[in-house]
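**Q** Let me begin by handing over the structure; questions about it come next.
Any read-out appearing in this document is the output of simple, stated calculations on the displayed coordinates, not a laboratory observation. Given the structure is predicted, the values throughout are model-derived calculations rather than measurements. Cβ placement follows ideal geometry from the backbone for every residue including glycine, while neighbour counts extend to all protein chains displayed.
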Amino acid sequence: MLLRLIAVFCLALIPLRALHAEDAPLRAAFPEDDFTLSEYRIPMRDGVELYTLVLTPKGATGPLPVLLERTPYDASDVFGSRATTQLAVMRGTEFAGKEFIYAFQDIRGRFRSGGEYAMYRVPRGAFNTSNTDETTDAWDTIDWLVKKLPGNNGKVGIWGTSYPGWLALAALRDPHPALAAAIPFNPVVDVWKSDDWFHWGAFRAMYAFDYIFNMETDNTAYVSYPYADRDLYTWLLGKGSAVRALGGLLDQRHEMWPRLVQNPAYGPYWKDVAADRWFDTPTRVVPTLHVHGLFDQEDIYGAPAAYAAMERHDAANDANFLAIGPWFHGQQFREGTALGPLDFDEDTAKRFREDVMLPFLRHALAGAPDPHLPPVTAFETGRNRWRHFTAWPANNDKTSLYLQPAGGLAFTAPPRDGGFAEYVSDPAKPVPYVQRPVLGVNYDDEESIAQWRSWLTQDQRFVDGRPDVATWQSPPLSDPLTIRGAPQVVLNAETTGADSDWVVKLIDVFPGQDPEDAARSGMEIMIAANIFRGRYRESLEQPAPIKANRALEYRFPLPETNHTFLPGHRLMVQVQSSWFPLYDLNPQTWVSSIMDAPPEAYRAARQRIHTSAAQPSRIELPVDRSSP
């Protein structure tokens with residue numbers, strides 16, 4: 001077996017076009033190129049070959065480290081639409097300098113690579129009985145690169161955003177000895193708790209359908225579903241459950257859809273694929289920079305969770321780093337001066353790349369002096385400044401913000417007879433998650449993707465005042481209030497139904513008349529928001545009906561925050577029971593699985609949020625009292 005692998009490795013050193021004469025080279029070489037393009041098919045331990053594109057800077061004075069990105073999104077897309085002879089122009093904001101060799105690999109079954117594609121391939125074990133997974137493929141790739149790639153210095157860094165970020169974490173499960181650094185940007189980590197597919201049990205049906213259709217219809221191209229109505233709220237409303245509305249539009253090619261439908265609860269499958277559960281006993285802690293966006297519309301759970309899982313093993317606090325920016329998903333490689341209506345006073349993404357990312361890579365891989373990066377670098381919204389910490393969460397004290405009678409908010413407990421607020425949640429008239437028309441997630445449509453990237457910062461006045469959205473608001477603040485970390489919701493709520501979703505939003509309300517910024521006067525900007533499916537109140541693994549007409553306690557976290565509410569601003573909390581069409585509709589009656597609920601199961605329910613001392617509803621805020 002060893003001799004066979006050696007022979008295969010030697011053959012793989014030959015560039016792609018020499019191995020496969022029918023494959024045209026991706027790009028011809030030009031005399032003015034400041035880089036060399038090479039293409040390889042790197043063999044894995046089971047003989048499957050993975051297409052790998054390598055860009056090597058010309059004129060290097062010595063061996064260079066390799067920056068590797070493993071991707072399902074087409075390695076050859078590295079060139080984009082730019083015809084250039086300059087590597088820095090080609091890579092744009094992802095150019096880390098000429099001191100690196102850049103490698104890009106299609107994972108199994110995608111674009112030019114061999115093998116069969118499996119979306120978020122489960123690690124070897126109960127759900128993957130083969131001898132390969134994304135960890136072994138990363139190991140075999142790195143082993144080949146350091147042994148066979150000309151001009152490398154024996155060190156490899158792995159990086160990637162979103163799905164490639166998850167792939168970077170997979171490489172860290174059993175790191176190759178040559179793996180010297182990793183940067184998972186906005187990685188998918190736990191797709192049930194609060195990343196791609198679910199948020200605490202509520203199914204992101206529309207997003208999941210779009211992504212699965214796009215990715216699995218054709219493994220060599222992206223395919224967008226041709227909707228019959230521009231407003232997806234209108235298109236999906238009334239079609240029923242996710243299976244009935246969307247399942248029939250998919251076929252046997254779309255293998256992820258049945259996995260979602262068959263696993264609505266937090267069972268063993270989701271736990272196996274959750275990246276933060278991979279690091280209980282790591283064989284080695286590789287220097288890792290976790291990168292998180294405060295307004296990540298796709299994977300807002302992942303980076304802080306992976307950082308926390310690995311931080312337990314960083315005894316000296318000098319190998320595991322976290323960077324937090326005010327960004328949408330992937331904005332660290334785009335312009336970072338603003339997001340939606342928010343302005344950050346500088347290009348935060350550029351600052352991160354220059355002050356954190358590049359020093360980290362150059363030290364870990366290229367032998368540059370230790371930049372002594374702080375363990376945590378985080379942008380504080382509200383005050384618009386960077387802060388440095390030794391750990392995350394940082395310097396916080398849990399302080400309860402109580403929902404009060406008559407729509408107030410205060411840091412004191414409500415009166416004993418505080419009562420409740422109530423509204424009717426009707427699946428026939430759900431609350432939209434973004435101002436209509438809802439354009440979906442189409443990366444080929446600029447208007448659509450702009451809406452998707454910014455919806456977490458959209459002014460919530462578009463739903464404030466709806467009869468099915470309950471609202472509480474504080475008086476104007478006299479002093480700044482800084483929160484760092486994940487607020488915890490403690491909701492005492494009741495429903496006339498047997499199931500319910502609870503959406504809770506923590507909002508910064510700008511002054512109604514701001515003499516310095518009239519355009520932002522009165523804005524209601526979500527600082528943190530999330531949804532929880534009531535059937536999982538007692539157990540995430542075993543759903544159970546809700547006892548009707550009884551106040552029950554629901555506890556769940558909101559996403560990470562690093563924000564200062566400024567003097568003159570107000571705090572607001574909104575509670576509702578639908579967020580459509582991003583999340584599927586809860587029928588609000590008991591069915592064994594909401595995925596295939598029959599039409600007659602969907603009924604309106606009266607919801608009550610209790611605001612008394614005996615049944616207090618509150619948000620436990622991670623307040624930093626030491627913040628200057």
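**Q** Given the Cα-Cα distance of residue 625 and residue 422 and 0.36 nm per residue of separation, how much length would full extension add, in nm? Show your work: numbers first, answer last.
**A** On the way: separation 203, 0.36 × 203 = 73.08 nm, distance 3.39 nm.
Full extension of this stretch gives 69.7 nm more.
**Q** What is the sum of charges, Lys and Arg at +1 and Asp and Glu at -1, for the other residues whose Cβ falls under 13 Å from the Cβ of residue 559?
**A** On the way: positive: 193, 484, 505; negative: 190, 195, 296, 298, 299, 560.
Taking every Cβ under 13 Å from that of residue 559, the sum is -3.
**Q** For region 43-51, take each phi angle, set θ = phi - 60°, evaluate the Karplus expression 6.51 cos²θ - 1.76 cosθ + 1.60, and give the result in whole Hz per residue in order, putting x for glycine and proline.
**A** Computed from phi, the couplings for region 43-51 are x, 8, 5, 9, x, 5, 9, 10, 5 Hz.
**Q** Could you check what % of the DSSP bridge pairs in the chain are antiparallel, to the nearest 5?
**A** On the way: 75 of 105 bridges.
Within the chain, antiparallel bridges account for around 70 percent of the total.
**Q** Place a +1 charge on the Cβ of each Lys and Arg in the chain and a -1 charge on the Cβ of each Asp and Glu, then give the dipole magnitude about the Cα centre in debye, rounded to the nearest 20.
**A** The dipole of the chain has a size of about 940 debye.
**Q** Okay, moving on. Which trypsin sites (Lys or Arg not before Pro) does region 531-571 hold that lie in a coil by DSSP with at most 10 other beta carbons within 10 Å?
**A** On the way: sites: 533, 535, 537, 547, 550, 555, 570; in loops: 537, 547, 550.
Within region 531-571, the qualifying trypsin sites (Lys or Arg not before Pro) (loop, at most 10 other Cβ atoms within 10 Å) are 550.
**Q** What are the semi-axes of the equivalent ellipsoid for region 397-623, taken as the square roots of 5 times the Cα gyration tensor eigenvalues, largest first, in whole Å? Walk me through the numbers before you get to the answer.
**A** Values: eigenvalues 156, 113, 46 Å².
They are 28, 24, 15 Å, listed largest first.
**Q** Grab the beta carbon distance between residue 370 and residue 98, set R0 = 25 Å, and tell me the FRET efficiency rounded to 0.05.
**A** FRET efficiency, residue 370 to residue 98: 0.70.
**Q** Here's a follow-up. What order do you get for 608, 244 when you list them from fewest to most C-beta neighbours inside 10 Å?
**A** Exposure proxy ranking, most exposed first: 244, 608.
**Q** Kindly provide the trypsin sites (Lys or Arg not before Pro) of region 375-430 that DSSP labels as loop, not H, G, I, E or B, and whose Cβ sees at most 10 other Cβ atoms within 10 Å.
**A** Numbers: sites: 383, 385, 387, 398, 416; in loops: 383, 416.
Sparse-neighbourhood loop trypsin sites (Lys or Arg not before Pro): 416.
**Q** Taking loop as defined by DSSP and a crowding limit of 13 other beta carbons within 10 Å, which trypsin sites (Lys or Arg not before Pro) in region 41-91 fit? Write out the running numbers ahead of the final one.
**A** Numbers: sites: 41, 45, 58, 70, 82, 91; in loops: 45, 58, 82.
Answer in residue order: 58, 82.
**Q** Further, regarding this structure: How much net charge surrounds residue 128 when only the other residues with a Cβ under 14 Å from the Cβ of residue 128 are counted, with Lys and Arg +1 and Asp and Glu -1?
**A** Numbers: positive: 108, 121, 124, 173, 259, 271; negative: 46, 116, 133, 134, 137, 255, 272.
Residues close to residue 128 contribute a combined charge of -1.
**Q** To the nearest 500 deg cm²/dmol, what mean residue ellipticity at 222 nm is calculated for the chain from DSSP H runs of n ≥ 4 alone, each contributing -39,500 (n - 2.57), summed and divided by the residues?
**A** Numbers: 14 runs with 114 residues, N = 628.
That calculation yields -5000 deg cm²/dmol at 222 nm.
**Q** Which cross-chain or sequence-distant (5 or more) residues have an amide H under 5 Å from the amide H of residue 36, H modelled 1.01 Å from N in plane?
**A** So residue 36 has HN proximity to 56, 58.
**Q** Residue 478 to residue 130: extension gain in nm, 0.36 nm per residue of separation minus the Cα-Cα distance?
**A** Details: separation 348, 0.36 × 348 = 125.28 nm, distance 6.13 nm.
Full extension of this stretch gives 119.1 nm more.
**Q** Please list, in order along region 396-413, the HN-Hα scalar couplings obtained from phi with the Karplus expression 6.51 cos²θ - 1.76 cosθ + 1.60 (θ = phi - 60°), rounded to whole Hz, x for Gly and Pro.
**A** 10, 10, 5, 10, 7, 9, 8, 6, 10, x, 6, x, x, 10, 7, 8, 10, 4
**Q** Once amide H atoms are placed 1.01 Å from N in the peptide plane, what residues at a sequence separation of 5 or more from residue 385, or on another chain, have their amide H within under 5 Å of its amide H?
**A** The list, which skips near neighbours in sequence, is 380.
**Q** Can you give me the relative contact order of the chain as a percent, contacts being Cα pairs under 8 Å and 6 or more apart? Could the numbers behind the result be given before it?
**A** On the way: 1435 pairs, mean separation 83.9, N = 628.
Normalised by residue count, the contact order of the chain is 13 percent.
**Q** Between residue 244 and residue 553, what FRET efficiency comes out of the Förster formula 1/(1 + (r/R0)^6) with R0 = 35 Å and r the beta carbon distance, rounded to 0.05? Walk me through the numbers on the way to the answer.
**A** Numbers: r = 33 Å, r/R0 = 0.94.
Computed FRET efficiency for residue 553 and residue 244: 0.60.
**Q** Another one. Given the Cα-Cα distance of residue 411 and residue 449 and 0.36 nm per residue of separation, how much length would full extension add, in nm?
**A** Working: separation 38, 0.36 × 38 = 13.68 nm, distance 3.86 nm.
Result for the pair: 9.8 nm of gain on full extension.
**Q** Further, regarding this structure: Output wanted: per-residue J couplings in Hz (rounded whole) for region 539-553, from phi through Karplus 6.51 cos²θ - 1.76 cosθ + 1.60, θ = phi - 60°, x for Gly and Pro.
**A** So the Karplus estimates, Gly and Pro as x, are 7, 6, 8, 10, x, 8, x, 7, 6, 5, 6, 9, 5, 10, 9 Hz.
**Q** Related question: With contacts defined as alpha carbon pairs under 8 Å and 6 or more residues apart, what's the relative contact order of region 82-131 in percent? Before the final figure, lay out the partial values.
**A** Values: 24 pairs, mean separation 7.3, N = 50.
Relative CO of region 82-131 lands at 15 percent.
**Q** On to the next question. Report the calculated FRET efficiency for residue 230 and residue 30 (r = Cβ-Cβ distance, R0 = 45 Å), to the nearest 0.05.
**A** On the way: r = 43 Å, r/R0 = 0.96.
The pair residue 230/residue 30 has a calculated efficiency of 0.55.
**Q** With contacts defined as alpha carbon pairs under 8 Å and 6 or more residues apart, what's the relative contact order of region 397-623 in percent? Don't jump to the answer; show the numbers that get you there.
**A** Values: 542 pairs, mean separation 84.6, N = 227.
It comes to 37 percent, rounded to a whole number.
**Q** Using DSSP loop states and a limit of at most 13 other Cβ atoms within 10 Å to flag GluC sites (Glu not before Pro), what is the longest stretch of the chain containing no flagged site?
**A** Longest site-free region, per DSSP loop and neighbour criteria: 117-334.
**Q** Between [x] 87, 75, 58; [y] 98, 74, 58; [z] 78, 55, 44, which entry matches Cα extents along the principal axes in Å as derived from the coordinates of this structure?
**A** It is the value labelled [z].
**Q** Under 23 Å between C-alpha atoms is the cut-off here; go through the chain and count lysine pairs that meet it, provided they're at least eight residues apart or on different chains.
**A** Lysine pair count for the chain: 15.
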